[in-house]
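Encoded as structure tokens, the structure appears first; notes follow it.
The values are calculated or read from the model by the stated rules, or taken from the named source; none is laboratory data. Here the structure is a predicted model, which is why all the values come from computation and not from measurement. Here the Cβ positions follow ideal geometry from the backbone for every residue, glycine too, while neighbour counts run over all protein chains shown.
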Amino acid sequence: MLVRQAETAGRLMSWPVEEIELASLNVWVLAARRPHLIERRVQEYMVGSAIDEGGPVVVYCDPGDGGSPASGHHRVEAARRNGRTTIWAELRVGNKHQATTYPDHSTPRS
């Protein structure tokens, strides 16, 4: 298992990074974010290996809710359109409310 470390609120935090199934992501969160996607950015991620070069998407995991993406929605959509079934994700404990209320903006953006 890979681990991502980042400084959050002055503390060094670590989160596991795993390849997850796109089908395991919470469809409610994906549908809520889809109208806000920037088509140009989705298209940019669809070229070559840009989906993976953007780093792992951040996903809050709740056993009863599936995985709720907090960041990386453009990469998730690009992966879906490219016919991929998996994507690399930084896994955090939480639910869809936390994913939509506290998105992680420390993920590198192009």
Of the criteria (1) at pLDDT 90 or above; (2) at negative phi; (3) more than 8 Å from the chain's Cα centre (by Cα), which one H97 fails: (1)
Residue check, V58 modelled with pLDDT under 85 and of a type in the set (V, I, T): no
Residue count, the range 1-26 (criterion: of a type in the set (A, V, I, L, M), modelled with pLDDT of 85 or more and over 15 Å from R80 (Cα atoms)): 1
Positions within the range 27-54 being modelled with pLDDT of 85 or more and in contact with a strand residue (DSSP E or B) (Cβ under 8 Å, 6 or more places away or on another chain), in sequence order: I51, D52
